[in-house]
Amino acid sequence: MLLTLLICTSLAQAQTKPNQDLDRRFQAAVADYDAGRLVPAAAALEKLVLAVPESFEVHELLGLIYSEQSQDAKAALHFEKAVHLNPDSPEARTNYATNLAHSGKLDLAEVQFKKAVALQPRNYDANHDLGELYVQTGKIADAVPYLEQAQRLNPASFDNGYDLSLAYLVTDKIEQARQSVTVLLRLKDTAELHNLLGEIEEKDGDFVAAANQFELAAHADPSESNLFDWGCELLLHRTLDPAVQVFQQGSERYPNSPRLVIGLGMSLYARGNYDDAVKALLRGADLNPSDPSCYLFLSKAFDSSPAQADDVIERFRRFSELQPNNARALYYYALSLWKGKREKDPNQDLHQIESLLKKSIAIDPGIPESHLQLGNLYSDQNRFTEAIPEYLRARELDPDLSDVRYRLGQAYVRTGQKDLAQKEFEVYQKLREQHLAEIDKQRADIRQFVVSEKDVPSVKP
């Protein structure tokens, strides 16, 4: 028995020494990792994993190191192995899920995040990360309960609280969104929160409260984005003088921001300052020559202010060359040529304009204005039998386009179809009486611009 005891003691001492060496090497790698020395830490662990291939800690740390070095493929191998070795670790599953999400494997990431939450329902990171994954994949309603749980677990979390408020807004839970932001404002009064509260009030239909919040955000942080949002809120509700002032000051502070300059042009146009609107929109077109939104309002402003014809024609020509397959680009160029040259030369050659309009229709036959203007071009040349089919097509595409009704009625008169003409004129009169529809159309165009520009990256002053 004594001999056996001595032998066992010797074996235990022999096994302890290698274990201590392995532990020392692992702790050295941890120290390198904590100090940010990732390359030597990874090299040491790669040697260590050969000695202890089933070590959860070694694989987990290697995964973290490779993840920080953006070597996601290498990290995935070690994270997956760590989960296999310790399937009940919520942290291991969260790390693996995060790696999968970075690699675009969102369905697999969702599985791992869900398992992490199931293992530890009161784990803030697990709930927050799963909620963020759902936000990333556009499943906002699915994100809400996990972001709510994360916020209950850590009420002081600003980032989670902000995303939860935004998720409430997107899912039309307006009161919850407002309450959530109000709580966050007590913790941290920021321009970002006032801007979000402005979005909430706007969606709830309270324009005055929304404008006040956007103003607070812009004063706290006069960023390009905050100034744009404030100006747009004023413009959307036709508070035009303040809108012009905000966009004017914003474009002076950020002279390279196309959307602020375009916003200024739109505000001036809505206020009736057509010459100044054209100047601003020309500048916007030069800042971003490929942006279609600018040319819609430039075309409208130019229609009321043809004084800068040569400059406008040049911008539309450039736009049509930049986007030769854009039906609207060709349409705008045709109209600018027609209006600009008509002012100077009533006997201008109309072949180029007709060709541009036909190309526009060939690219996109569903634009009613293209058919209307081609019909007008034919009518101006007394080609009424050719004009009528274009008017009919425009009427089919947009029955509420009053100009179509009037011009079609005129064409019917010139071709001896007085009964049909009378019907068109009657509809035209009714449409003209509904003048508010024109304001609604302008608002719709403005709102479309605002929505499309909301996610544009900000520019520096």
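The values are calculated or read from the model by the stated rules, or taken from the named source; none is laboratory data. Being a predicted model, the structure only gives us computed values, none of them experimental. Don't worry about glycine lacking a Cβ; one is built from the backbone with ideal geometry, like all the others, and counts go over all protein chains shown. Side chains are part of the model used for accessible areas, which takes the heavy atoms of the whole protein and leaves out ligands, DNA and RNA. Shrake-Rupley method; radii C 1.70, N 1.55, O 1.52, S 1.80 Å.
Roughly how many nanometres apart are two label points built 7 Å out from the Cα toward the Cβ at R432 and R447?
It works out to 2.8 nm between the two label points.
Add -39500 (n - 2.57) for each DSSP H run of 4 or more in the chain, then divide by its residues: what number comes out at 222 nm, to the nearest 500 deg cm²/dmol? Could you put the intermediate results ahead of the total?
Working: 25 runs with 369 residues, N = 461.
Theoretical 222 nm ellipticity from helices: -26000 deg cm²/dmol.
How much accessible area per residue does segment 92-139 have, counting only protein heavy atoms and a probe of 1.4 Å, in square angstrom? Each step should come with its number before you reach the end.
Details: 2270 Å² over 48 residues.
On a per-residue basis, segment 92-139 sits at 47 Å².
Counting only heavy atoms of the protein chains, get the accessible area per residue of segment 165-244 (1.4 Å probe) and round it to a whole Å² value. Provide the component values of the computation, followed by the final result.
Working: 3380 Å² over 80 residues.
Averaged over the residues of segment 165-244, the accessible area is 42 Å².
Hey, what did segment 236-354 get for relative contact order, percent, Cα under 8 Å, at least 6 apart?
About 17 percent, as a whole number.
I'd like the distance between the alpha-carbon centres of segment 401-422 and segment 237-297, rounded to an integer number of Å.
Using only Cα atoms to place each centre, the spacing works out to 37 Å.
Can you tell me, using C-alpha contacts under 8 Å and at least 6 residues apart, the relative contact order of segment 85-194 as a whole percent?
Working: 128 pairs, mean separation 18.1, N = 110.
Computed over segment 85-194, the figure is 16 percent.
Taking Cα atoms, how many degrees apart are the long axis of helix 106-119 and the longest axis of the chain, rounded to 10 and kept between 0 and 90?
So the helix axis and the longest Cα principal axis differ by about 50 degrees.
Report ³J(HN,Hα) in whole Hz for each residue of segment 194-210, in order, from the Karplus equation J = 6.51 cos²θ - 1.76 cosθ + 1.60 where θ = phi - 60°; Gly and Pro get x.
Here the 3J(HN,Hα) series is 5, 5, 5, 5, x, 4, 5, 5, 4, 5, 7, x, 9, 4, 4, 5, 5 Hz.
With an 8 Å Cα cut-off and a minimum separation of 6 or more residues, compute the relative contact order for the chain in percent.
Numbers: 564 pairs, mean separation 27.7, N = 461.
After rounding, I find 6 percent.
Which angle from 0 to 90°, rounded to the nearest 10, does the C-alpha axis of helix 90-102 make with the longest principal axis of the chain?
40 degrees
Of T415, G205, I361, which is farthest towards the positive pole of the chain's charge dipole, taken about the Cα centre with +1 and -1 on the beta-carbons of Lys, Arg and Asp, Glu respectively?
T415
Let's test the formula: R0 of 30 Å, r as the Cβ-Cβ distance of S355 and E252. What FRET efficiency results, to the nearest 0.05? Please list the in-between numbers first.
Working: r = 42 Å, r/R0 = 1.39.
So, using R0 = 30 Å, E works out to roughly 0.10.
Largest first and in whole Å, give the semi-axes of segment 183-263's equivalent ellipsoid, each being the square root of 5 times a Cα gyration tensor eigenvalue. The partial results should precede the final answer.
Working: eigenvalues 90, 47, 14 Å².
Each semi-axis is the square root of five times an eigenvalue, giving 21, 15, 8 Å.
In nm, to one decimal, how far is the modelled label at R414 from the one at A73, with both set 7 Å along Cα→Cβ?
Distance between label points: 6.8 nm.
Which of the pairs K81/K114; K139/K203; K105/K139; K359/K418 have their Cα atoms more than 25 Å apart in this structure?
Details: K81/K114 18 Å; K139/K203 20 Å; K105/K139 16 Å; K359/K418 32 Å.
In this structure, K359/K418 exceed 25 Å between Cα atoms.
Using Cα atoms only, what is the angle between the long axis of helix 240-253 and the major principal axis of the chain, expressed in degrees (0 to 90) to the nearest 10?
With rounding to tens, the tilt is 60 degrees.
Summing +1 for each Lys or Arg and -1 for each Asp or Glu, what net charge is found among the other residues whose Cβ lies under 10 Å from the Cβ of S379?
Charge balance near S379 sits at 0.
R271 to R152: FRET efficiency via 1/(1 + (r/R0)^6), r the Cβ-Cβ distance, R0 45 Å, to the nearest 0.05?
Working: r = 49 Å, r/R0 = 1.09.
The computed FRET efficiency comes out at 0.40.
Give me the mean projected area, in nm² to one decimal, of the convex hull enclosing the Cα positions of segment 55-185.
Details: hull surface 31.0 nm².
Result: a mean projected hull area of 7.8 nm².
Taking every alpha carbon pair in the chain, what does the distance histogram look like in 10 angstrom bins from 0, in percent?
The calculated distribution, bin by bin, is 4, 14, 18, 17, 15, 12, 8, 5, 3, 2, 1, 0, 0.
Taking the Cα-to-Cβ direction at D159 and at R24 and moving 7 Å from each Cα, how far apart do the two end points lie in nm?
3.9 nm
To the nearest 0.05, what FRET efficiency results for D380 and R238 with a Förster distance of 30 Å applied to their C-beta separation? Each step should come with its number before you reach the end.
Working: r = 35 Å, r/R0 = 1.15.
That pair, D380 with R238, gives E of 0.30.
When the accessible area of the chain is split by element with a 1.4 Å probe, what percent falls to carbon and sulfur?
Numbers: 12060 of 23560 Å².
Answer for the chain is 51 percent, counting heavy atoms of protein chains only.
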